[in-house]
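Each remark here refers to the structure printed beneath this line.
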Amino acid sequence: MRRVIFLAAAATLLAGCAGTADPSGTWINQAAIDAASKDGKLREALLAYGPNLEWKLDSKAGEATFSNGFELGEGTLSKSDDEHWKVAFYGDDNQESLELDGKDLIQQASANGPEQRFRRLDPQPAANSPAGSGFERALYGSYLKGSWKIREGQGQGGKVEFQANGLVSGLPGAERYALCLAGDCAAMSGDNDSIWLQQGNRGRELLFSLDDDELQLFEAVNTAGANEMPSYVPGKRVWLLER
């Protein structure tokens, strides 16, 4: 009798655990980060594993927000069953279906895009952190991590560090940086990766190439006409950094 009671209690406990799966939190496109960090080609990785880069979910409030690096989509989150959730967007008939699969959150394939997998960010960012900032910080902490030495360019011989919070030290004329993920900067840069460097209220866009432990930064030369959207191609090399 004790064995029967124990097994019944265990079954009840396991059933209760299975029903408590909660997708709440920030989920990031770790596959895109891993691919970019491995091959150095940021735009290619984002196109291959995108378009969405982050989901921020709150099951208690019934809220869901996604970021693709340029736009935010906000909607209501509702539960279909223990492992499946629906996101309905405000002012839009489209829906997204989400599924919990072990450590992954799956955005199922739809008319809006292919199937994507997301990994819960650890540690979780503050609840009031801007949507998309979790992915950005994780990317920044992986893609250009480490200590770089200026081999060519202003500040030659100096040490440069790109920090996960968007600060950069040791690069003359720059105190902050931002990698182009999507939107106008991507359209203007074409197949090239681009980075924004800023000091105070002044900044400039550079194109770059990352090959293993070698980072080259180039002037962004505009080949478009006066009344056209800028179209940048690599110009003179400004810096050569080695890690």
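Values for this structure:
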quantity	calculated
Those residues of the range 145-191 which are of a type in the set (A, V, I, L, M, F, W, C) and within 27 Å of A224 (Cα to Cα), in sequence order	A174, A178, L179, C180, L181, A182, C185, A186, A187, M188
Every residue from the range 120-129 that is closer than 14 Å to S24 by Cα and either polar (S, T, N, Q) or in contact with a strand residue (DSSP E or B) (Cβ under 6 Å, 6 or more places away or on another chain) (or both)	R120, L121, Q124, P125, N128
Residues satisfying the stated conditions in the range 173-191, i.e. touching a Phe, Trp or Tyr at 6+ places or on another chain (Cβ under 9 Å) and surrounded by fewer than 18 Cβ atoms within 10 Å (Cβ to Cβ)	R176, A178, G183, D184, G190
Filtered residue count, the range 162-182, keeping only those that are in contact with a Ser or Thr (Cβ under 9 Å, 6 or more places away or on another chain) and of a type in the set (D, E, K, R)	1
Subset of the range 45-91 (residues that are of a type in the set (S, T, Y) and surrounded by fewer than 15 Cβ atoms within 10 Å (Cβ to Cβ))	T76, S78, S80, Y90
Number of the condition not met by A220 [criteria: (1) surrounded by 19 or more Cβ atoms within 10 Å (Cβ to Cβ); (2) in contact (Cβ under 8 Å) with a residue 40 or more places away in the chain]	(2)
Pairs, first in contact (Cβ under 8 Å) with a residue 24 or more places away in the chain and in a helix (DSSP H, G or I) in the range 124-153, second among the acidic types (D, E) and surrounded by 14 or more Cβ atoms within 10 Å (Cβ to Cβ), C-beta under 7 Å, six or more apart	G134/E54; F135/E54
Some residue of the range 119-127 being under 15 Å from the mean Cα position of the chain (by Cα), of a type in the set (A, V, I, L, M) and over 30 Å from F218 (Cα atoms)	yes
Complete set of residues in the range 78-115 that are under 18 Å from I28 (Cβ atoms), without any contact (Cβ under 8 Å) to a residue 40 or more places away in the chain and assigned to a strand (DSSP E or B)	V87, E96, E99, D101, D104, I106
Residues located in the range 126-176, provided they are within 18 Å of E242 (Cα to Cα) and of a type in the set (F, W, Y)	Y140, Y143, W148, F162
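Only the coordinates and a few stated rules stand behind these numbers; no lab work does. Source: prediction; values computed, not measured. Here the Cβ is made from the backbone with ideal geometry for all residues, glycine too, and neighbour counts use every protein chain on show.
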